[in-house]
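Accompanying notes for the structure given below.
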Amino acid sequence: MLVVLKENSFEVGREAARIVASSLRANPKSVLGLATGSTPLGMYEELIALHKSTGLDFSHATSFNLDEYLGLAPDNPQSFHYFMHEHLFRHVNVKPENIHIPDGTITGNYDTYCCSYEQAIRDAGGIDLQILGIGRNGHIGFNEPTSSLGSRTRLKVLTKETIDDNRKSFAPGEKVPECAITMGIGTILEAKRVLLLASGSSKATSIAQAIEGPVTASVTASALQHHPDVTFIVDQQAGAQLRHHDYYARVLRLTAELTPDRL
Ligand code: PGA
């Protein structure tokens, strides 16, 4: 596990974009696992800037988003489909047929649909680089506390805390979805590399629990301790409750010297 401490959210986004861009340059056919929310916005801005200034090429890349609200159509401005088109896809040369986002409008047999999403990930050769945010309650994707650590893509009921956090994107009085389709913890753990981004003091407790606490379904991000290639990129505020800052800095310095390909 690598823990990269950055000054602020801007630096978090820039570092994450650097890693995504280097994955795309090394392998133009990279399969990217993408996240929504306020945290990755800076990363997407930087990727768009790199596309425009250096020609960073998305034309052979494939993407799979983590989750989507149940009941929201792609043209709903609060949907994650809309978010992704607005904040990344419409600005870069990704092919529409290579974009995958769970369908929030499915009804009926959720399991069949979710299995087909998992199958599409396998058919693409698996996710090379998975981007994650983290919830105040330690969730990754919408894998709320007590999610099975072996869970796969499925319908998930959201906690009250998450519904309240999501409310900021909805108009006052508008109904906030209570359920989502989300990749599972087991799905996320199969990605070849994972980057988790966090900024702001509201994430300090969940970051400390995820990195330095016990592995527990009560903080689903802690399951990443089982992943062989995970990098946490956090700003000062989100990293404020970590106990081993000096060690993380030494690991980074020596990794840059001895195994720079990991960075
Ligand atoms: P945020 O959401 O980036 O908007 O804080 C993160 C999450 O809930 O996973």
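So how many residues does the range 136-146 have that are hydrophobic (A, V, I, L, M, F, W, C) and within 7 Å of the ligand (Cβ to nearest atom)? Please lay out each step first, then the result.
First, pick out the residues of the range 136-146 that are hydrophobic (A, V, I, L, M, F, W, C): 140, 142.
Next, from what is left, pick out any that are within 7 Å of the ligand (Cβ to nearest atom): 140.
Here the count works out to 1.
Suppose the filter is within 21 Å of residue 204 (Cα to Cα), out of contact with any strand residue (DSSP E or B) (no Cβ under 8 Å at 6 or more places or on another chain) and either acidic (Asp, Glu) or more than 16 Å from the ligand (Cβ to nearest atom) (or both); does residue 161 pass it? Show your work before the answer.
Values: within 21 Å of residue 204 (Cα to Cα): yes; out of contact with any strand residue (DSSP E or B) (no Cβ under 8 Å at 6 or more places or on another chain): yes; either acidic (Asp, Glu) or more than 16 Å from the ligand (Cβ to nearest atom) (or both): yes.
So residue 161 fits the description; yes.
Going through 197, 189, 155 one at a time, which residue ends up being within 21 Å of residue 119 (Cβ to Cβ) and either in contact with a Phe, Trp or Tyr (Cβ under 8 Å, 6 or more places away or on another chain) or within 12 Å of the ligand (Cβ to nearest atom) (or both)?
Working: 197 fails: within 21 Å of residue 119 (Cβ to Cβ); 189 fails: either in contact with a Phe, Trp or Tyr (Cβ under 8 Å, 6 or more places away or on another chain) or within 12 Å of the ligand (Cβ to nearest atom) (or both).
Result of the check over 197, 189, 155: 155.
What tally of residues in the range 102-135 results from selecting those that are among the small types (Gly, Ala, Ser) and within 16 Å of the ligand (Cβ to nearest atom)? Spell out the reasoning first.
Narrowing the range 102-135 to residues among the small types (Gly, Ala, Ser): 104, 108, 116, 120, 124-126, 133, 135.
If we keep only those that are within 16 Å of the ligand (Cβ to nearest atom) as well, we get 133, 135.
Within the range 102-135, residues that are among the small types (Gly, Ala, Ser) and within 16 Å of the ligand (Cβ to nearest atom) number 2.
Only residues that are more than 22 Å from the chain's Cα centre (by Cα) and among the aromatic types (Phe, Trp, Tyr): list them for the range 211-247, please.
Restricting attention to the range 211-247, the residues satisfying the condition of being more than 22 Å from the chain's Cα centre (by Cα) are 243-247.
The one that is more than 22 Å from the chain's Cα centre (by Cα) and among the aromatic types (Phe, Trp, Tyr): 247.
Given the structure, is residue 251 modelled with pLDDT of 95 or more, surrounded by 15 or more Cβ atoms within 10 Å (Cβ to Cβ) and over 19 Å from the mean Cα position of the chain (by Cα)?
Considered against the rule, which asks whether it is modelled with pLDDT of 95 or more, surrounded by 15 or more Cβ atoms within 10 Å (Cβ to Cβ) and over 19 Å from the mean Cα position of the chain (by Cα), residue 251 comes out as yes.
Any residue in the range 110-135 that's more than 30 Å from residue 205 (Cα to Cα): show its pairings with residues that are within 16 Å of the ligand (Cβ to nearest atom) and in a helix (DSSP H, G or I) at Cβ separation under 8 Å, as long as the two are six or more apart or on different chains.
The qualifying pairs are 118/187; 121/187.
Evaluate the range 209-228: report whether one residue or more is at pLDDT below 95 and closer than 18 Å to residue 131 by Cβ. Break it down stepwise before answering.
Step one: list which residues in the range 209-228 are at pLDDT below 95, which gives none.
No: zero hits.
With the range 1-90 as the region, which helices (runs of 4 or more DSSP H) entirely inside it contain at least 3 residues that are at pLDDT 95 or above, surrounded by fewer than 22 Cβ atoms within 10 Å (Cβ to Cβ) and more than 16 Å from the ligand (Cβ to nearest atom)?
Values: elements: 9-26, 41-54, 80-87.
Ranges flagged: 9-26, 41-54.
So, of the residues in the range 201-219 that are near the ligand (Cβ under 10 Å from one of its atoms) and buried (at least 18 other Cβ atoms within 10 Å of the Cβ), which turns out to be farthest from residue 230 (Cα to Cα)?
Quick first cut of the range 201-219, residues near the ligand (Cβ under 10 Å from one of its atoms) only: 202-203, 206.
Subsequent filtering for residues that are buried (at least 18 other Cβ atoms within 10 Å of the Cβ) retains 203, 206.
Numbers: 203: 18, 206: 16 Å.
Checking each candidate, the answer is 203.
Of the conditions (1) closer than 19 Å to residue 76 by Cβ; (2) at pLDDT 95 or above; (3) not hydroxyl-bearing (Ser, Thr, Tyr), residue 140 satisfies every one except a single condition; which number is it?
Unmet condition: (1).
Quick test of your reading of the structure: residue 138 fulfils all but one of (1) under 19 Å from the mean Cα position of the chain (by Cα); (2) of a type outside the set (Ser, Thr, Tyr); (3) surrounded by fewer than 16 Cβ atoms within 10 Å (Cβ to Cβ); (4) assigned to a loop (DSSP other than H, G, I, E, B). Name the failing condition by number.
Only one criterion in (1) under 19 Å from the mean Cα position of the chain (by Cα); (2) of a type outside the set (Ser, Thr, Tyr); (3) surrounded by fewer than 16 Cβ atoms within 10 Å (Cβ to Cβ); (4) assigned to a loop (DSSP other than H, G, I, E, B) is unmet by residue 138, namely (3).
Can you tell me which condition residue 97 does not meet? The list is (1) surrounded by fewer than 20 Cβ atoms within 10 Å (Cβ to Cβ); (2) within 16 Å of the ligand (Cβ to nearest atom); (3) over 18 Å from residue 177 (Cβ atoms), and all the others hold.
(2)
Give, as residue ranges, the helices (runs of 4 or more DSSP H) completely inside the range 165-263 that count at least 3 residues that are within 22 Å of residue 14 (Cα to Cα). Walk me through how you get there before you give the answer.
Working: elements: 185-189, 204-212, 245-258.
In the range 165-263, the matching helices (runs of 4 or more DSSP H) lie at 204-212, 245-258.
Give the residue that is farthest from residue 42 (Cα to Cα), with candidates limited to residues of the range 167-207 that are in contact (Cβ under 8 Å) with a residue 40 or more places away in the chain and of a type in the set (S, T, N, Q).
In this case the residue turns out to be 187.
The values are calculated or read from the model by the stated rules, or taken from the named source; none is laboratory data. Computed from a predicted model, the values in this text were never measured in an experiment. Cβ atoms come from the backbone with ideal geometry, glycine included; neighbour counts cover every protein chain shown.
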